[in-house]
Amino acid sequence: MRRMFPLWLLLLPPLTGGCLTHKLWTESDLDEWNEPGVNPGLRLFRDEKQDDFLVLYDEYSDRYYTTHERAFFLKTNEQRLRQHREPVFSDTNAAASLPSVPIYKAAPTNVPDWFYAVNATNSAMFDLYSGPRELGTYSLPFYDDGEGRMERILWTPLTATVDLTIIGGVVAIICWDALAESNGSVSVN
């Protein structure tokens, strides 16, 4: 009597969500973001030596549910900000020796001669001006904290082992079934 291979075993990987390693690296459950706090408390300072602006703000961590003060130089990190990558942070104490840049909630009627910014209340974006000339619109950092990648690296050996065990089990069953159909005899030519 011929035994039928249990075809339902081939459905096991799709029913269990497929390859665990692939799922680990493509799903974002381990990713968490750092972003400006609900009230980011934006402060700007001008560093004339570096021809840059020191930005201070309150950052919120989705992973740790905490808010803390951050500082970074705007021009130095411009490209990183556009790519939603973590800026190179500076010491918040650097602001103590720098002149502050006024921040308005709306465009002022008497335009200052020096630098100033316009930032709506609790907004993560601001416009930077030099007198009447707009220098650009900028967003405060919003970036993946990067810890999810490390967690994925640590979990990969376990998920790869599980995937290989499932694949090995399916191959073993197929071989077992083939051996049973041949009545246990193996011919070598």
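The values are calculated or read from the model by the stated rules, or taken from the named source; none is laboratory data. What you are looking at is a predicted structure, and each value in this text was computed from that prediction instead of being measured. Note that each Cβ is placed from the backbone with ideal geometry, even for glycine, and that neighbours are counted across all protein chains shown.
Going by the structure shown, is Trp155 in contact (Cβ under 8 Å) with a residue 24 or more places away in the chain, outside the structural domain of Glu78 (by TED's automatic domain parsing) and of a type in the set (Phe, Trp, Tyr)? Outline the logic, then answer.
Details: in contact (Cβ under 8 Å) with a residue 24 or more places away in the chain: yes; outside the structural domain of Glu78 (by TED's automatic domain parsing): yes; of a type in the set (Phe, Trp, Tyr): yes.
It is true that Trp155 is in contact (Cβ under 8 Å) with a residue 24 or more places away in the chain, outside the structural domain of Glu78 (by TED's automatic domain parsing) and of a type in the set (Phe, Trp, Tyr).
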- Note on the structure: Of those in the range 79-130 that are touching a Pro at 6+ places or on another chain (Cβ under 6 Å) and assigned to a loop (DSSP other than H, G, I, E, B), the residue surrounded by the fewest Cβ atoms within 10 Å (Cβ to Cβ) is Val111
- Quick check: is even one residue across the range 145-160 at pLDDT below 80, assigned to a helix (DSSP H, G or I) and over 23 Å from the mean Cα position of the chain (by Cα)? yes
- Task: Examine the range 67-90 for a residue that is more than 16 Å from the chain's Cα centre (by Cα), more than 21 Å from Asn39 (Cα to Cα) and either at pLDDT below 95 or β-branched (Val, Ile, Thr) (or both), and state whether such a residue exists.
- Result: yes
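The rows are residues; the columns are (1) of a type in the set (Lys, Arg); (2) over 21 Å from Thr165 (Cβ atoms); (3) part of a helix (DSSP H, G or I); (4) at pLDDT 60 or above.
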| residue | (1), (2), (3), (4) |
| --- | --- |
| Leu11 | no, no, yes, no |
| Thr21 | no, no, yes, yes |
| Glu35 | no, yes, no, yes |
| Gln50 | no, yes, no, yes |
- Task: Could you look through the range 24-78, keep only residues that are in contact (Cβ under 8 Å) with a residue 12 or more places away in the chain and of a type in the set (Lys, Arg), and pick out the one that is nearest to Leu158 (Cα to Cα)?
- Result: Arg63
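Give the residues of the range 124-141 that are touching a helix residue (DSSP H, G or I) at 6+ places or on another chain (Cβ under 9 Å) and over 15 Å from Leu54 (Cβ atoms), sorted by residue number. Give the steps one after another, and end with the answer.
Restricting attention to the range 124-141, the residues satisfying the condition of being touching a helix residue (DSSP H, G or I) at 6+ places or on another chain (Cβ under 9 Å) are 136, 138-141.
Hits for the range 124-141 are Gly136, Ser139.
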- Taking the range 52-75, which residues are crowded, with 16+ Cβ neighbours inside 10 Å and part of a loop (DSSP other than H, G, I, E, B)? Leu74
